[in-house]
Every structure is written in C-alpha cells, then in structure tokens.
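The values are calculated or read from the model by the stated rules, or taken from the named source; none is laboratory data. Just so it is clear, the structure is predicted and the values come from calculations on it, not from any experiment. With ideal geometry, Cβ positions are generated from the backbone for all residues, glycine too; neighbour counts draw on all protein chains shown. These area figures cover heavy atoms from the full protein model, side chains too; ligands, DNA and RNA do not enter into them. Shrake-Rupley method; radii C 1.70, N 1.55, O 1.52, S 1.80 Å.
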Amino acid sequence: MPKMKTSWQEKLQDNKGCPKVVSIDGKMSKRWGTGTVVIPAPIEVDAYMRQVPKGKLTTINEIRQALAISHKATIGCPITTGIFAWIAANAAEEQKQQGRKDTTPYWRTLKTKGLINEKYPGGTQGQTILLEQEGHAVIKKGKNFFVKDYEKALAKLR
C-alpha cells in the first residue's frame, strides 16, 4: 500500500522536538558569532506570521528576532525559520483550498530588504496582487520584486 503524502498542515504541526535553544558552535560561529540559537517549531513561526494585520508587513529577520527574544536566545535560526515560514505559507494555501477563511497571511512575510519570497504559493505574481490589494506598492529591481518602503509598514511582533 503506498504511503500517504504528508500534508502541509501535518508538516506545520510536526515540531520535531522543537523549539530548542542550542549553543552556537563550529561552522555556525564563523557567521553568527557566539551565544545561543533558537530552533523554532514550525507552528511558532506560523503564529508570528498570523500576527501581521492587513496593511502591515514583517520579514523573516523580524520573526527571527522575536523568536530569539521569546526564547532568551542570541539569535533565531535563519535556516529553519525560513523553511518553517515556507511550510506555513503552503499550509495556509492548502487550508484556503479546503474553504478555510482564517488562513495565515503569508504574503505579508517578506525576505530581507522587502524582497517578495518567490517560493511562496502564487509566486511573486500572486503575492504582488495580494500585497497591492492591501495598499503596498511593489517594484521590480532586476529580476526581483520588492515592496516599496516596506520598513514603514513593519508590524510589531510580540
């Protein structure tokens, strides 16, 4: 019997023993210095993404900072936070296709410097439509799409 494919919502709920705070060491210390790093649970990243109201924005780095503060760590893990935001985005899209209305507004979570995450559902085109509907201006620089003056719309995460 073939194995059932894990849904995005199941991936979102699978915490894999996280969150956990570990020491920054080895190769990581060259880039991130010393101290501790929090490896969040996917649902935690989703919870921060859900906090962003219509008309406001956040970035992966803002979420990482909020995670670090909440776990009393030096930094939030950049790799897992980005992956878990992607899982949250796909889980939201999966829920939307099932008729749910209260899904995570993933298009409001940007990459560094206001860059739209092309790997989120709908790609840059789909997210541009959603962002413009909420009053944001999207500009193209080279092959990338950014939200203009995104800093002015950053939400305060708690």
*Determine which residues of segment 69-85 fall in the zone a paramagnetic label at Val22 would reach in this model, i.e. backbone nitrogen under 19 Å from the point 7 Å along Cα→Cβ.*
69, 71-85
*Where Lys and Arg each count +1 and Asp and Glu each count -1, what net charge lies around Val21 among other residues with Cβ under 14 Å from its Cβ?*
+1
_Suppose all protein chains stay in the model; what accessible area per residue would a 1.4 Å probe give for the chain, in Å²?_
59
*Protection proxy ranking of 108-114, 42-48, 68-74, 149-155 - average other beta-carbon atoms within 10 Å, highest first*: 42-48, 108-114, 68-74, 149-155
*How are the C-alpha pair distances of the chain spread across 10 Å bins, as whole percents from the shortest bin up?*
11, 38, 33, 15, 2, 0
_Ranking request for peptides 116-128, 13-25: highest mean number of other beta-carbon atoms within 10 Å first, then the rest in descending order._
116-128, 13-25
*Which residues does a label at Lys113 reach in segment 56-99, if reach means a backbone N under 14 Å from a point 7 Å past the Cα toward the Cβ?*
none
*Projected label distance in nm at Ala47 and Ile139, using a 7 Å step from Cα toward the beta-carbon*: 3.6
*Given R₀ = 22 Å, FRET efficiency for Gln125-Ile79 by Cβ-Cβ distance, to 0.05?*
0.25
*For segment 105-117, take each phi angle, set θ = phi - 60°, evaluate the Karplus expression 6.51 cos²θ - 1.76 cosθ + 1.60, and give the result in whole Hz per residue in order, putting x for glycine and proline.*
x, 4, 5, 7, 9, 9, 7, 4, 6, x, 6, 6, 7
*Percent antiparallel among DSSP beta bridges with both residues in the chain, to the nearest 5?*
65
*Using a 1.4 Å probe on the protein chains only, how many percent of the accessible area of the chain belongs to carbon and sulfur?*
54
_Please list 3J(HN,Hα) in residue order for segment 124-130, calculated via the Karplus relation 6.51 cos²θ - 1.76 cosθ + 1.60 where θ = phi - 60°; whole Hz, with x for glycine and proline._
5, 5, x, 5, 4, 4, 5
